[in-house]
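Working notes, beginning with the structure itself.
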Amino acid sequence: MNKHLIVMSVDAMVFEDLETLRTLPNFKRLIEGGSRVDKVRTIYPTLTHPIHVAIMTGCYAGKTGIPNNDRFIPGDLNSPWYNRLDEVQVPTLFHAAKAAGLTTAACRWPVTACGEDVIDYIVPEVMDLDLDENDLEGTYRKLGSGPIMEEIVKPNLWRLKGNAHPQSENFSIACAADIIRRYKPNLLMTHPCMVDSTRHATGLFNGHVTQALALTDGWLGQLMDAVRAAGIEDSTDFVVLSDHGHLEITRAVCPNVFLADQGLIRTDAAGNLTDWDAYIKSCALSAQVYLKDPSDAALYDRVYALLERMADEGIYGFSQVLTAQQADARYHLSGDFSFVLETDGFTSFSDDWRRPAVRPLDTSDYRYGHSTHGHMPEKGPQPPLLCMGPSFRQGVVLETVPIVDEGATFAKVLGLTLPQADGKPIDALLK
């Protein structure tokens, strides 16, 4: 099949960035030569891994089985992230492409690790818990890069400095460009995170973010250059999208401290968690509340009343309490949790059950930086979608579409279908 689609997800790029992006050579070409959606309606929670799964499946988190960045393990403050392709509970764009005989590549696209039975060329996103800086080759081989280790991965490993930015992007984009030149895949999806990392570290809008956008323009240019070098420019569609915005915050709160005060979390003399009846799992600017026995009506009512009272007081960091049924009805978000807490707009949440209950910003953790995400998708700056190529019209500007429509659109561009998708193709963008 002589059709190619390059999808670059610029983590945390927002509509307001377009003013800067129009001044940068590669984004300028994309914006002027293609079409766009200004403000895509993303999913809840607005977290990177659930959203990227939504993009590649066309499904909301309630269907994909990925409700958070990391897994719910009570008492573990550093629980592993969802990152393996086989954790996704519905078929992805990669599965559909393989079934149709197309070739695919994922370069640091979340939740594709260990998917080499489905994806031809994988350079996985490596989470900190999986990273062995003394054996980078072994790390990448274990997570799915074995088939392209010699040709693609090893020649570029020197670019890495752990998981630091922009070294991670320099590595993953160089690998993506090499894959394009050497293998000409029908689908390549990649995910530079420099803009997101910079916003966490410095805030939503500032000169550091402008510099990160300029670096991202250079990475887009590398992909465009690789397409030209591969001789597939006339048959390649480019899509640049984003997953979420950010809200600036001033503090972190540990709501599990207050559950412990009520006897709902129990610890030993050293403060280690020994048992629990209710436990609050952070999604940064939201949180999911689990009950050990969800069928215990008295426990449910007790916890619900406590959370509602805390929200009404207005000092605990959350302004809304949704039941699981309300979260599903409003946001197609479901899981094993019983309630969802939404930020007051300036507070992020920690899982910790130990005091202090209120903590200052901490840029070493994405949840507690100067700005972060996880909030309801209608709030704050919104992610755009830019597209250009033989499948797309030129000059179309749409105000908004649901993010689950993106995967369905990409499937249609490649002549595929995603039967289980919640979204539908954005035909207004397509020729």
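No lab work stands behind these numbers, since they all come straight from the coordinates. Since the structure is predicted, the reported quantities are computational estimates derived from the model, not experimental observations. Cβ coordinates were reconstructed from backbone atoms using ideal geometry, including for glycine residues, and neighbour counts include every protein chain displayed.
Is segment 245-301 best put as rounded, prolate or oblate by its Cα gyration tensor, with a ≥ b ≥ c the root eigenvalues, rounded for a/c under 1.5, and otherwise prolate when a/b is larger than b/c, oblate when not? Verdict is oblate for segment 245-301.
Could you list the chymotrypsin sites (Phe, Trp or Tyr not before Pro) in segment 331-388 that lie in coil according to DSSP, counting only those with at most 16 other Cβ atoms within 10 Å of their Cβ? Passing both the DSSP loop test and the Cβ count: Phe346.
Computed from backbone phi with θ = phi - 60° and the Karplus coefficients 6.51, -1.76 and 1.60, the 3J(HN,Hα) list for segment 353-370 is 9, 9, 6, x, 7, 10, 10, x, 5, 8, 6, 6, 10, 4, 6, 10, x, 5 Hz; x is used for glycine and proline.
Seen against the Cα atoms of the chain and their longest principal axis, helix 167-183 is set at about 40 degrees.
GNM on the chain, alpha-carbon springs under 10 angstrom: the most fluctuating residue among Asn134, Asn156, Asn83 is Asn134.
In the structure shown, the pairs Lys3/Lys424; Lys292/Lys424; Lys161/Lys412; Lys98/Lys431 are assessed against 32 Å; a Cα-Cα span above that value is assigned to Lys292/Lys424; Lys161/Lys412. Farthest toward the positive end of the dipole of segment 187-288, out of Thr267, Leu187, Gln288, is the Cα of Thr267, where the dipole comes from beta carbon charges about the Cα centre. Extending 7 Å from Cα along the Cβ direction at Ala329 and again at Ser364 yields two label points whose distance is 4.3 nm. Seen from a random direction on average, the alpha-carbon convex hull of segment 309-352 projects onto 3.6 square nanometres. Using a Gaussian network model of the chain in which every pair of alpha carbons under 10 angstrom is joined by a spring, one finds that among Gly221, Gly415, Gly271 the greatest mean-square fluctuation is at Gly271. Straight-line cross-link reach from Lys28 at under 21 Å between alpha-carbon atoms covers these lysines, not counting any fewer than eight positions away in the same chain: Lys39. Inter-label distance, Val397 to Asp135: 5.4 nm, where each label sits 7 Å from its Cα along the C-beta direction. Which one, (i) 22.0; (ii) 28.4; (iii) 24.7, gives Kirkwood radius over Cα pairs in Å as derived from the coordinates shown? Structure-derived value, by its label: (i). Report summary: the helix-based calculation at 222 nm, which adds -39500 (n - 2.57) for every DSSP H run with n ≥ 4 and divides by the residues of the chain, gives -9000 deg cm²/dmol.
For Ile265, the residues whose modelled amide H falls within less than 5 Å of its own, excluding neighbours fewer than 5 places apart on the same chain, are Ala260, Asp277. Note that segment 306-431, at 4 °C in a medium of 1.567 mPa s, gets a Stokes-Einstein diffusion coefficient of 72 µm²/s from its Kirkwood radius over C-alpha pairs.
Each Lys or Arg adds one and each Asp or Glu subtracts one; over the other residues with Cβ under 13 Å from the Cβ of Lys142, this totals -3. Net charge within 12 Å of Pro80 by Cβ-Cβ distance, Lys/Arg positive one each and Asp/Glu negative one each, not counting Pro80 itself? Result for the local shell: -3. Sparsely packed loop sites in segment 97-145 (the GluC sites (Glu not before Pro) outside DSSP H, G, I, E and B with at most 11 other Cβ atoms within 10 Å) comprise Glu133.
What shape does segment 250-360 have by the C-alpha gyration tensor, where a ≥ b ≥ c are the square roots of the eigenvalues, rounded means a/c under 1.5, and otherwise prolate means a/b greater than b/c and oblate the rest?
Here segment 250-360 falls in the oblate category.
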